[in-house]
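Have a look at the structure below, then the notes.
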Amino acid sequence: TGVLDDCLCDIESIDDFNTFKIFPKIQKLQERDYFRYYKVNLKRPCPFWADDGHCSIKDCHVEPCPESKIPVGIKAGSSNKYSKAANNSKELEDCEQANKLGAVNSTLSNQSKEAFIDWARYDDSQDHFCELDDERSPDAQYVDLLLNPERYTGYKGPSAWRVWNSIYEENCFKPRSVYRPLNPLAPSRGESFYTWLEGLCLEKRVFYKLISGLHASINLHLCANYLLEETWGKPRWGPNVKEFIRRFDPAETKGEGPRRLKNLYFLYLIELRALSKVAPYFERAVVDLYTGNGHEDAESKALLLDIFRDTKSFHMHFDEKSMFAGDKKGAKSLKEEFRLHFKNISRIMDCVGCDKCRLWGKLQTQGLGTALKILFSEKEIQSLPENSPSKGFQLTRQEIVALVNAFGR
């Protein structure tokens with residue numbers, strides 16, 4: 001309960017607004033064809049360290065699609081690689097389990113595959129200024145997000161810890177004088193951490209809160225959709241209250257849990273703000289959510305515009321005008337620093353050992369990156385031409401899908 005720092009809003013109003021207005025609509029939108037297929041490359045090697053997680057789930061049970069018409073070289077194979085450390089049979093069992101649950105279901109109907117070629121052609125003709133190299137890779141494949149929900153797969157331990165540690169330690173603008181690891185899961189030494197955070201400029205505080213909010217969101221989904229038991233090979237998923245308390249209860253987290261949850265609300269507000277700002281881009285007749293089915297495309301667009309109207313009606317937005325508002329030169333270099341830190345975090349997602357976790361990590365990072373791109377492009381969005389593809393600001397289908405699904409999370 002109560003007020004969020006750095007903006008004039010209270011938790012209860014956000015809850016009401018989301019529960020009654022936004023959530024039912026965004027859920028519907030996520031089920032539509034345009035938004036349920038996301039193209040992702042799960043085979044990119046980790047650029048920062050050799051993958052030595054005891055349970056390295058590389059190409060785990062990705063269904064081969066030989067007659068695929070998509071230019072997607074889906075590689076067959078389920079050669080699960082184990083490191084030497086994994087000779088303990090209990091660990092091997094855990095590993096098998098995580099492999100099975102972390103596997104991405106990449107089965108797609110031939111009809112879908114043929115449609116994707118058409119979508120890609122349409123996308124290519126839209127004059128994008130920002131081509132994500134990943135999409136052209138032969139390893140990139142379409143994944144049906146509805147078949148691959150975000151949930152607890154058994155991926156934990158040193159490998160998962162290392163990913164978050166790297167994100168917090170190396171990418172959150174930490175001054176060297178702060179001893180305590182930034183990762184809020186780390187054992188704490190001394191209480192100067194939040195004094196330090198409050199001493200940061202607004203932008204850097206915001207960056208930390210966004211990453212913490214993303215972390216809280218992912219942890220919440222793991223608790224809400226947890227593997228409760230596996231009997232006769234039939235897994236049963238559901239809310240795990242004990243796990244939720246362990247990660248968020250003030251008594252269990254030295255008072256840290258509620259802050260994490262507040263950062264989740266903060267993340268929600270930032271992405272909400274981005275949606276309300278990008279509305280003019282989609283309101284133009286020249287933009288449609290193209291899948292080739294005219295009727296469905298029109299319905300999807302109407303639903304999206306309806307959500308935009310709701311986002312604009314919410315009066316307690318985070319005001320990003322206070323960000324990057326200092327002297328021009330300082331603001332420009334800070335914005336660039338923001339962008340690079342963010343790019344780096346999206347690369348760290350290639351180090352996540354479980355394919356399902358990697359999929360949702362990449363998607364939510366790209367969604368947040370897209371939200372920031374929108375917030376920093378207000379002038380360009382306002383001066384878009386009504387009837388021709390835009391030179392100054394453009395969103396790829398990938399970015400749109402990531403933005404909507406990340407906000408949906």
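Some points to look at:
- Ordering of 401-409, 331-339, 298-306, 101-109 by packing [mean C-beta count within 10 Å, highest first]: 401-409, 101-109, 298-306, 331-339
- DSSP-loop chymotrypsin sites (Phe, Trp or Tyr not before Pro) across segment 1-50, with at most 15 other Cβ within 10 angstrom: 48, 49
- When only alpha carbons of segment 213-320 are considered, Rg and Dmax amount to 19.5, 54 Å.
- Environment charge of residue 223, counting only residues whose C-beta is closer than 14 Å and scoring Lys/Arg +1, Asp/Glu -1: +3
- Packing around the peptides 346-356, 23-33, taken as the average count of other Cβ atoms within 10 Å per residue, puts them in this order, highest first: 346-356, 23-33.
- Other residues whose C-beta falls under 13 angstrom from the C-beta of residue 283 contribute a net charge of +2, scoring Lys and Arg +1 and Asp and Glu -1.
- Residue-wise HN-Hα couplings along segment 264-272, as the Karplus relation 6.51 cos²θ - 1.76 cosθ + 1.60 with θ = phi - 60° gives them from phi, are 5, 5, 5, 4, 4, 5, 5, 6, 4 Hz; Gly and Pro carry x.
- The H on the amide N of residue 237, modeled in the peptide plane, is under 5 Å from the matching H of 228, each at least 5 residues off or on a different chain.
- Sparse packing (at most 12 other Cβ atoms within 10 Å of the Cβ) combined with a DSSP loop state is found for the following trypsin sites (Lys or Arg not before Pro) in segment 204-291: 254.
- At the residue level, residue 112 shows approximately 20 square angstrom of accessible surface with a 1.4 angstrom probe and all protein chains present.
- Scanning residues 5 or more positions from residue 141 or on other chains, those with amide H under 5 Å from its amide H are 40, 41, 42, with H placed 1.01 Å from N in the peptide plane.
The values are calculated or read from the model by the stated rules, or taken from the named source; none is laboratory data. Note that the coordinates shown come from a computational prediction; the quantities given were computed from them, not determined experimentally. All Cβ positions, glycine included, derive from the backbone under ideal geometry; neighbour counts span all protein chains shown. The accessibility values were calculated without ligands, DNA or RNA, using every heavy atom of the protein model including side chains. Shrake-Rupley method; radii C 1.70, N 1.55, O 1.52, S 1.80 Å.
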